[in-house]
Amino acid sequence: MTEESRELSHALFAQEREYIKDRLGDETWIKVYHYSQNVQDTKFFYSGLIPNECVPEALQTTNWEVDISSGFPGCVRFGNGTVEYSRFGIADAEPLVFIRDYVGFRESHPEISEEFRFFHNLYHEPRKNEFLKFDESGEEETIIRFQNETILIRLKQIRQFIAIKNAHLALLFDYIRYSNLDISTVPEDQRRGEYNDEQTIYQFGVTETSSYSNYSTVSYLHGKKLLLPYPKSKSGVWPYSEDETEIYEEFQIGETPDGDPITFTCNGNKLANNFGANPDAPHYLTPVYFKRDVLQKYYNDPERFSVEDSYLRCGVSWGLRMDNNHENVVIVYLGDLGRDLPAKERAYWKVFNITPKGSLSTTKYMRDFLGVPFDPQGKDLNFKQRYKQLNQKWKAKYGWSLFRELSSEDSHFFQNLRVPLNNSQSEFDLQILTLAKVLIDALNENEIGKNISSIPDPPRGIAKFAVFLEEKNFVDCQEGLALLRDIQNIRSSGVAHLKGSNYSKLVKRLQLSEKELQRVFCDLLEQSAKFLEKLSSDIEQQSTV
């Protein structure tokens, strides 16, 4: 291509026209608003919703049905002189993007149609200036992006919206380009043109500029392309979902004498129950076993999930009853897997499904089958219960909490405190750090210091706590205080800093190398819970004296 033909192609928007015909509206992200300008080029994209019955008429003209100043509530005057209020101030069409303008007193800015945002229940994330959608599993997906002077929306969510709304989306475009191309080099039959098909109509042209311009010619490309909706039956929006059949996984519930797995669906409608349904099927309350690692995903995302005593929670979206009072397995009733977990989560849990071994914890059995309140057996769950109970009793006794409430940036430490999911050093180190945070760093040193006698060299941390306990007549606390010092030393010598000779000495003294790391941490949790329980008991005895 010669330089002259290249300049002519540029002036006549050859690349832009090809893009509009072949790719505009087919990308994963749809450009619904854009404005950019330099000394030679102005590009403007806009968008509007056109009712399906108005589509044939819309494709007869390159005129836009909406513009940046339209779409706001107001009155419309009809040809017969009557005036009516219109939600959008225009007939038959409405913008998808509204340009809010405050006549110079505040900076103008674009907004996405409230109806579209509400339709998909989108959340505005101000830090990234994006709109997010959350599925039933709590996973987020970005639906709208604001990027400088451009707004992008996912194609799928637009087509879902216009499918239910019985509309098409008009993608409106307007280009202006100045150049030094001599008009005489442009064949007369190419100086003006128009294109239209079943979705697109635009016109383009090139003409000489006025004598006041620094350029010889100016070109334009103006028109629209209509984005088609999904058929309602394929929109995935209730009640028009193409396939509303729920997917239920099969889980292993036993093993044959030959070692082959016995599996069955978690669909509650196909399980036996206490009312005579499906007598030949496994019972709804059949226990299903999983590796404890299944909880890793939920511990790692405390903003969305909460792992609690016998319960897994995903915000207010869903919750699952479970038996997490074991050190190595998690148990869930077969029917609960089908009833309480979203399909995506069931597929995730299936990966961790293992052959049944052992039985329900005493906690789960007493609560579910005998209806008896029972403390958790899990070392982590029991520790958290004792921790909260002591803090409540301490505040009732002294008017302040022994353990300070963790900040929002640190609150995840308490939630993620757990029996290690495996015997890896990294998992052990993480839990040691967590235990030290909630048990030692959270000590309310300020209040403790106010409530001990003045001494020349005020102690800090555990030492200050020891002085308080002694002055308040807490007895036999040396073992518990030694435990806190051991946890602090493990954290200081082996987690907060590179492991060295001090850590090796500590390993030898505490015989850490003789037991699995998971067992070591469980022992620390158990001893810590006993110390917290002892302090609670001492407070109760002091209150009765």
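The values are calculated or read from the model by the stated rules, or taken from the named source; none is laboratory data. Only a predicted model underlies this, so the values are computations on that prediction, with no experimental measurement involved. As a convention, Cβ positions derive from the backbone with ideal geometry for all residues, glycine included, and neighbour counts pool all protein chains shown.
What the table below lists for this structure:
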{"quantity": "Failed item in (1) more than 30 Å from P95 (Cα to Cα); (2) under 41 Å from the mean Cα position of the chain (by Cα); (3) assigned to a strand (DSSP E or B), with T207 passing the rest", "calculated": "(2)"}
{"quantity": "Index of the failed condition, Y19 passing every other in (1) within 35 Å of the chain's Cα centre (by Cα); (2) surrounded by 17 or more Cβ atoms within 10 Å (Cβ to Cβ); (3) within 24 Å of R192 (Cα to Cα)", "calculated": "(2)"}
{"quantity": "Those strands (runs of 3 or more DSSP E) lying entirely in region 234-328 with at least 1 residues within 23 Å of the chain's Cα centre (by Cα) and not assigned by TED's automatic domain parsing to the domain that holds T434", "calculated": "305-308, 311-314, 318-321"}
{"quantity": "Test for E141: is it of a type in the set (D, E, K, R) and either under 27 Å from E27 (Cα atoms) or modelled with pLDDT of 95 or more (or both)", "calculated": "yes"}
{"quantity": "Residue count for region 460-480, restricted to those that are outside any helix (DSSP H, G or I) and crowded, with 16+ Cβ neighbours inside 10 Å", "calculated": "2"}
{"quantity": "Subset of region 342-360 (residues that are among the basic types (K, R) and either in a helix (DSSP H, G or I) or without any contact (Cβ under 8 Å) to a residue 40 or more places away in the chain (or both))", "calculated": "K344, R346, K350"}
{"quantity": "Candidates I151, I158, filtered to the one that is outside any strand (DSSP E or B) and among the hydrophobic types (A, V, I, L, M, F, W, C)", "calculated": "I158"}
{"quantity": "Residue list for region 146-176, restricted to those being under 17 Å from F98 (Cβ atoms), touching a residue at least 60 places away in the same chain (Cβ under 8 Å) and surrounded by fewer than 20 Cβ atoms within 10 Å (Cβ to Cβ)", "calculated": "E149, T150, K165"}
{"quantity": "Looking only at region 177-191, and only at residues there that are outside any loop (DSSP other than H, G, I, E, B) and in contact (Cβ under 8 Å) with a residue 12 or more places away in the chain, the one that is farthest from E208 (Cα to Cα)", "calculated": "Q190"}
{"quantity": "Qualifying residue in region 421-436 (condition: within 43 Å of the chain's Cα centre (by Cα), farther than 27 Å from E540 by Cα, of a type outside the set (S, T, N, Q) and not in a helix (DSSP H, G or I))", "calculated": "yes"}
{"quantity": "Test set (1) part of a helix (DSSP H, G or I); (2) among the β-branched types (V, I, T); (3) not assigned by TED's automatic domain parsing to the domain that holds D260 - T363 fails condition number", "calculated": "(3)"}
{"quantity": "Spans of strands (runs of 3 or more DSSP E) in region 92-148 with at least 3 residues under 21 Å from the mean Cα position of the chain (by Cα)", "calculated": "123-125, 130-134, 140-147"}
{"quantity": "E405 being among the charged types (D, E, K, R), under 18 Å from D301 (Cα atoms) and assigned to a loop (DSSP other than H, G, I, E, B)", "calculated": "no"}
{"quantity": "Qualifying residues in region 382-420 (those that are within 29 Å of the chain's Cα centre (by Cα) and among the charged types (D, E, K, R)) - the one farthest from A529 (Cα to Cα)", "calculated": "E409"}
{"quantity": "Those residues of region 35-67 which are of a type in the set (F, W, Y) and not in a loop (DSSP other than H, G, I, E, B), in sequence order", "calculated": "Y35, F44, F45, Y46"}
{"quantity": "Any hit, region 439-453, residues being out of contact with any Leu (no Cβ under 8 Å at 6 or more places or on another chain), among the hydroxyl-bearing types (S, T, Y), part of a helix (DSSP H, G or I) and exposed (fewer than 14 other Cβ atoms within 10 Å of the Cβ)", "calculated": "no"}
